[in-house]
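Sharing a structure with you now.
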Amino acid sequence: MKTAETIQQVREIVKQWHREGLSVGLVPTMGYLHEGHLNLISRARKENDRVVVSIFINPTQFSPNEDLASYPCDWDRDAASCETAGTDLIFHPEPSEMYPEGFVSFVDMDVLTKELCGLSRPVHFRGVCTVVSKLFHIVQPDRAYFGEKDAQQLAVIRRMVQDLNFDIEVVGCPIVREADGLAKSSRNTYLSAEERQAALVLSQSIFAGKRLAQQGETDAEVIRQAMRQIIEVEPLAKIDYVKIVDLSTMQQIDVLDRPFLAAIAVYIGKTRLIDNFMFQPTGGANV
């Protein structure tokens, strides 16, 4: 396994792979890897000749009042995990490498970024689109892998790839959960023991909403209220949002007659956690 800290190093390595006719998979991460990330790497390993993992805590997707300074990191552990999972190259740049002095160009999006996390984190998706588009240009992968836990992010990236004509296949991978149901997240490490137990209301809410959908409920408000009620009984939980949106547009819907996303964001103490389920009422695979 190789490690590169500069854009030029990555380009030289990947260009050689392409000259050899090898396919390349990219797994963008902000580090502090957990089983969800390793699942993405394993999937990329199966579907490509070479795998690149980027480990970069992207400052442009954090607002001034968010947790950039305290975001967890453990380079040694991440590097060991990447090697075990079959990574060929880690791209681990400094912020100054990705955003040199005088940087003024950003990738923005309308509509899909205005709901859900975009409401409470107004700069978030501009930062995500910018850094992901830079990674796509730098690495030139055939496929890029993202977790479905960040379902809005996945939808945004897929639309960006479509709109900006990236010749890249975006692959979504299912949510990985703890044994008790909590979705794996780097931010779970912020939780105290009491908060960790309280955080189970997120997955309990998601599972309850999905059961109603599977039973044929088509009124979005009925499912939203059932999900909210589960969360609201937990004193340590504060709801940011509980919403049901069209899976392709991320706009709220009232009648569940099309593929939809039920998504929640909840503060447990000071830690903001997200979870979701996707559903296709007319048939097809449900998440």
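The values are calculated or read from the model by the stated rules, or taken from the named source; none is laboratory data. Everything numeric in this text was worked out from a predicted model, so none of it was measured. Every residue, glycine among them, receives a Cβ derived from its backbone with ideal geometry; neighbour counts consider all protein chains shown. In case anyone asks, the SASA skips ligands and DNA or RNA and just uses the protein heavy atoms, side chains included. Shrake-Rupley method; radii C 1.70, N 1.55, O 1.52, S 1.80 Å.
Tell me which residues come under 5 Å, amide H to amide H, from residue 3 once H is placed; ignore anything under 5 positions away on its chain.
Sorted by chain and number, the residues that satisfy this are 90.
Taking only pairs that are 8 or more places apart or on different chains, how many Lys pairs in the chain have Cα atoms under 18 angstrom apart?
Close lysine pairs under the 18 Å cut-off: 9.
Sketch the reach of a paramagnetic label on residue 255 as a point 7 Å from Cα along Cα-to-Cβ, and name the residues of the range 215-230 whose backbone nitrogen lies under 12 Å away.
218-220
If each of residue 193 and residue 16 carries a label point 7 Å out from its Cα toward its Cβ, how far apart are those two points in nm?
My value for the distance between the label points is 5.1 nm.
Moving on. Provide the per-residue ³J(HN,Hα) series for the range 54-64, in order, calculated from phi with Karplus coefficients 6.51, -1.76, 1.60 and θ = phi - 60°, each as a whole number of Hz, with x at glycine and proline positions.
Per-residue couplings from phi come out as 8, 10, 8, 7, 7, x, 6, 9, 10, 6, x Hz.
Separate question: Can you give the angle from 0 to 90° between the axis of helix 200-214 and the longest principal axis of the chain, with both taken from C-alpha atoms, to the nearest 10?
That works out to roughly 70 degrees.
Along the Cα-to-C-beta direction of residue 2, a point sits 7 Å from the Cα; which residues of the range 132-168 have their amide N less than 17 Å from that point?
Backbone N within reach: 138-142.
Right, here's the next one. Obtain the nm distance between the two label points defined at residue 207 and residue 101 by a simple spin-label model: each point lies 7 Å from its Cα along the Cα-to-C-beta direction.
5.5
Counting heavy atoms of the protein chains only and a 1.4 Å probe, report the per residue accessible area for the range 51-114 as a whole number of Å².
On the way: 3290 Å² over 64 residues.
Per-residue value: 51 Å².
Compute the convex hull volume of the Cα atoms of the chain, divide it by the residue count, and report the result per residue in Å³ as a whole number. Each step should come with its number before you reach the end.
Details: hull volume 38.3 nm³, N = 287.
Spread over its residues, the Cα hull of the chain gives 133 Å³ apiece.
Also: What is the Cα coordinate range of the range 227-287 on the first, second and third principal axes, sorted by size from largest, in whole angstrom?
37, 20, 19
Here's something else I'd like to know. Calculate what fraction, in whole %, of the accessible area of the range 37-164 sits on carbon and sulfur atoms when a 1.4 Å probe is rolled over the protein chains. Let's see the in-between values first.
Details: 2740 of 5750 Å².
Heavy-atom surface of the range 37-164 belonging to carbon and sulfur, 1.4 Å probe: 48 percent.
If you don't mind, another one. Which one, 53, 233, 42, projects farthest toward the positive side of the charge dipole computed for the chain from Cβ point charges (K/R +1, D/E -1)?
My answer, from the dipole projection, is 42.
A follow-up question, please. With axes computed from alpha carbons, what is the tilt in degrees of helix 124-139 against the longest principal axis of the chain, rounded to the nearest 10 within 0 to 90?
Helix 124-139 and the main axis of the chain meet at about 30 degrees.
Scan the range 1-61 for GluC sites (Glu not before Pro) in coil per DSSP, keeping those whose Cβ has at most 10 other Cβ atoms within 10 Å, and list them by number. Mind dumping the intermediate values first?
On the way: sites: 5, 12, 20, 35, 47; in loops: 5, 20.
Here the GluC sites (Glu not before Pro) that fit, given the DSSP loop and packing criteria, are 20.
Follow-up question, since we're still on this one. Can you compute the modelled spin-label distance between residue 215 and residue 80, with each label point 7 Å from Cα toward Cβ, in nm?
That separation, rounded to one decimal, is 4.7 nm.
What is the helix-to-structure angle for 220-232, meaning the angle in degrees between its Cα long axis and the longest Cα principal axis of the chain, kept from 0 to 90 and rounded to the nearest 10?
90
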